[in-house]
1. Which residue, of 145, 159, is open to solvent by 10 Å² or more (accessible area, probe 1.4 Å), touching a strand residue (DSSP E or B) at 6+ places or on another chain (Cβ under 6 Å) and free of Cβ contacts under 8 Å to residues at least 60 places away in the same chain?
2. State which residue is nearest to residue 53 (Cα to Cα) when the search covers only segment 22-42 and only residues that are in a helix (DSSP H, G or I) and in contact (Cβ under 8 Å) with a residue 40 or more places away in the chain.
3. Looking at segment 253-271, which of its residues are modelled with pLDDT of 80 or more and under 19 Å from residue 176 (Cβ atoms)?
4. Would you mind telling me which numbered condition in (1) under 30 Å from residue 36 (Cα atoms); (2) touching a Ser or Thr at 6+ places or on another chain (Cβ under 7 Å) residue 75 fails?
5. Do you know which residues across segment 121-142 are surrounded by 18 or more Cβ atoms within 10 Å (Cβ to Cβ) and hydroxyl-bearing (Ser, Thr, Tyr)?
6. Looking at (1) assigned to a helix (DSSP H, G or I); (2) of a type in the set (Phe, Trp, Tyr); (3) under 19 Å from the mean Cα position of the chain (by Cα), can you tell me which one residue 48 breaks?
7. Of everything in segment 198-227, what is in contact with a Leu (Cβ under 9 Å, 6 or more places away or on another chain) and open to solvent by less than 20 Å² (accessible area, probe 1.4 Å)? Give them in sequence order.
8. I need the full set of residues from segment 4-15 which are open to solvent by 80 Å² or more (accessible area, probe 1.4 Å) and under 20 Å from residue 37 (Cα atoms), in order please.
Amino acid sequence: MTLDIIKILKDVNFTEYEAKAYLTLLEKSPLSGYAISLNSGVPRSKIYEVLGGLVDRGEIMVSHENPALYTPLPPNELINLKKRKAESSLEVAEEALENYSYVSLNRENIWNITGYEPILNRTKEAIKEATGRILLEIWSEDAQELKEELQAAAKRGVEILIVSYGDLVFDFAQVHQHDASEEITNEYGGRWIVLSADDREVVAGILSLGKDSRAAWTMHPGLVMPITEVIIHDLYIYEMMKKHREILESSFGPNLIELRNRFKFNSSGYSVAAKLGLIK
């Protein structure tokens, strides 16, 4: 009986005594409570309490004779039992907590999220909760990480509009490729994400710094409104360029590059990551 196996069983809600009793029965069964105590090291004063708990959970079985004999549920059946119970408990908890999902949030707070995966996970949850419209600005490689959730939202009838930096084909969404994708990537030295779900909550931040990626998540109306408008503004530009590209580019250069140069932070652009002191 190794300590590693006992630790594994403790991780799936066995006590140490329960783990020892169960492993003893796997090695040899059926056994009486006295024999289990003798072979497992579980004190006699505790053994019947321990065995009673395992019987109640269906993890071992007991015979109706005197003395009673015990036998374990086979390991594969035990694991399946644990999985079913865990899934059932999580479903009950999800249903019970559903009404609190947004009630518990303070709409005045702005929450900081650090790390690529946590940012995407928070974005996925916002997408799952959306019922009306999703607006998203994102680089094509990062958009692939959200494809499953976005597709499921589209099937629910949610309208999805995406401003993509780089080629992106999602047949379930309205995708508008930003004309200056390459210039913006070079200018800012990184990739960002801006999501507005139902004009009610936003996730916005930098995605290209790995574990140092930073984003803000909020339902604060004072931020939701202008951040949502930023995405809508880019959609305006896309529609204007589609209809009047020749006129606009004759005034402001290819992909409106002269306008971009006019309003750059400095003549050579800047790296967001460097400006924030995240990289040198």
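The values are calculated or read from the model by the stated rules, or taken from the named source; none is laboratory data. Because the structure is predicted, anything quoted here is derived from the model rather than measured. In this analysis, Cβ positions are derived from the backbone assuming ideal geometry, glycine residues included, and neighbour counts consider all displayed protein chains. Protein only, heavy atoms only, side chains kept; ligands, DNA and RNA dropped before computing areas. Shrake-Rupley method; radii C 1.70, N 1.55, O 1.52, S 1.80 Å.
1. Going through 145, 159 in turn, just one is open to solvent by 10 Å² or more (accessible area, probe 1.4 Å), touching a strand residue (DSSP E or B) at 6+ places or on another chain (Cβ under 6 Å) and free of Cβ contacts under 8 Å to residues at least 60 places away in the same chain: 159.
2. 22
3. Within segment 253-271, 254 is the sole residue that qualifies.
4. (2)
5. The answer is 123, 140.
6. (3)
7. 201, 202, 203, 207, 213, 215, 219
8. Correct list: 7, 10.
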